[in-house]
Amino acid sequence: MTPSPASTSAPDLGMLGRRLVLLPASAAASLVRGERRRARLRLGCVLEHVAPRLALASAALVGAGEVIAAAAVAGGSGGAVHGAVASTIAQLAVSAVAIASGACLSTKVDFLWPRIEQLPDTLVFEGVEVTGYQIFEDPKVQKAIAFASTAHIGQFRRTGDPYVTHCIHTGKILAALVPSTGERAINTVVAGILHDVIDDTAENLKSVAEQFGDDVASLVSGVSKLSYINQLLRRHRQKNTGGSTLTSEEANNLRAMLLGMVDDPRVVLIKLADRLHNMRTIYALPIPKAEAVAQETLAVWCSLASRLGVWALKAELEDLCFAVLQPQVFMKIRSELTSMWNSTSKDKSMRRSSIRSDLLASTKEVHATSTHDLLSSNDQEQSNMEDLLRAVLPFDLFLDRRRRSDFLNNLQSNSEASIRKPKIVDDAAIALTSLAACEEELQQELLITTSYIPGMEVRLSSRLKSLYSIYCKMKRKRVGIRQVYDARALRVIVGDKNGALHGPAVRSCYSILDIVHRLWTPIDGEFDDYIINPKGSGYQVSIISHQIKHLVASINAEV
């Protein structure tokens, strides 16, 4: 007589036996034997690199067949539970075959097969945490911090912080923009840390050159010249016009003058990092002066950031300026986006609604804010400038997933600790969380369905459109906020190994596009395929996918 499932000894079968205790003993024994056999084969393949991989894959297939067959036998009497077990085991078997055959050993997929990595030790200089920025472990960078600390000793900013913290923050911003190694990158960060020593301390350019080399001295000198000219022009403008508003012609002339003084783009990059941290802490200035600096930053320095191609930094700068210059509109847009994304995340079925009904709903929605509503809104809650600036998410959160994850975890910890945050800051956290949820949803589908192609690279990234950019688009197109479909964006980049895998990469793009279609409802007329229909300029290597419920996915095949 066949033993009852309850008579099977779970401890004798180990963990696998405990999971399969509901199966007949014969089936469970078959599973255990198959698992042990596959484990021995996989271990043998690792130890004996000469063992044929195809034989290993065949053995894994046979083992997987035994597992699935055993689950199927149980499924005849166990119903849906055993069906789910069989489905799960089948997926594991497919993955095991891929690993055993070596198919994914040469495949770089940054979100698949995560490695368990040791978290870096906390790294703090003068109260500024730089954990995760490898370049700060370089001796030359640490020497620059010590040099700046001594030079700026006794100096404080209007925020009350020691002045050297501004220098380290400037270097930290640069560390997010340059490679983590290499002499030019290191010198850029060092120059960022030292960018104010020749203007605000007793140190001179000669001592900088002696301590850190001519390249660093040249960068520091260039930044000093830019700052000096910028201050002269600002004072001249205030004296002659009595105001701070830059005309379009004045902004163009200032940009041309500043660029004409620079022979190394790293000088502009350092100045942008300096300006970004100043904007993050501009709440310490009187409001008229803060507005003047913000207006100048928006007219001149955001444009220069665009010319250098540092789009993420430019987006943060724009939002900081926007928060200072138009705080009510800034809060209104942030609140509207939070309302939209909260409702769509709670009602998953909305994603499957038809295109026509979706568009009709968006145009008839009570809260579908128009540009006129934003400009005429006077009933928003008042919030001080520091809170508004805290609601602007740092650009480096979108460049590093771990950093973004840590940021969200800290917000969650603060919430659990009942640390009250202003509503505008909570709204910003909700926006980032909603983006992370969209990214995770796509990531899970890619994890399951991405084919294992030797040499193929798949990278997934995301971004939030700056509130200032949303505002400008609403004004330019005369549309409501619900017709701005790219407020959140996902990008999947498929590499082709320098053209060697161009065909498979293109096919993979269309496969990923199919995944995107399954996850989110496409909007009619918002899809462009530049692989089949290249632009006149020759641009042919990407598909800009349909706009998806305020989410746009870009799928690129790199050549």
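The values are calculated or read from the model by the stated rules, or taken from the named source; none is laboratory data. All figures in this text were calculated on a predicted structure; none of them were measured in a lab. Ideal geometry is used to build each Cβ from the backbone, glycine not excepted, and the neighbour counts take in all protein chains shown. Surface areas here come from the heavy atoms of the whole protein model, side chains and all, with no ligands, DNA or RNA. Shrake-Rupley method; radii C 1.70, N 1.55, O 1.52, S 1.80 Å.
In Å², what does the accessible area per residue of segment 469-540 work out to with a 1.4 Å probe?
Numbers: 3660 Å² over 72 residues.
Per-residue value: 51 Å².
Could you report segment 124-309's accessible area per residue, 1.4 Å probe, as an integer in Å²?
Values: 8410 Å² over 186 residues.
Heavy-atom accessible area per residue stands at 45 Å².
Would you work out which of N187, L205, P286 lies farthest towards the positive end of the dipole of segment 124-309? Charges go on Cβ: Lys and Arg +1, Asp and Glu -1.
Most positive-ward Cα: P286.
On a 24 Å Cα-Cα criterion, which of the cross-link pairs K143/K206; K314/K535; K475/K535; K225/K314 come out too long?
Details: K143/K206 17 Å; K314/K535 27 Å; K475/K535 27 Å; K225/K314 22 Å.
The answer is K314/K535; K475/K535.
Quote to one decimal, in nm, the extra length available between K143 and S227 on full extension: 0.36 nm per residue of separation minus the C-alpha distance between them. Don't skip to the answer; put the middle values down first.
Numbers: separation 84, 0.36 × 84 = 30.24 nm, distance 2.43 nm.
Using 0.36 nm per residue and subtracting the Cα-Cα distance, I get 27.8 nm.
Between R158 and A251, what FRET efficiency comes out of the Förster formula 1/(1 + (r/R0)^6) with R0 = 25 Å and r the beta carbon distance, rounded to 0.05?
Once rounded, the FRET efficiency stands at 0.40.
Give me the distance in nm between label points sitting 7 Å out from Cα along the Cα-to-Cβ direction at T150 and I532, one decimal.
6.7 nm
Taking Cα pairs under 8 Å and at least six residues apart, what relative contact order does segment 124-309 come out at, in percent? Present the calculation step by step, with values, prior to reporting the outcome.
On the way: 184 pairs, mean separation 38.2, N = 186.
Value for segment 124-309: 21 percent.
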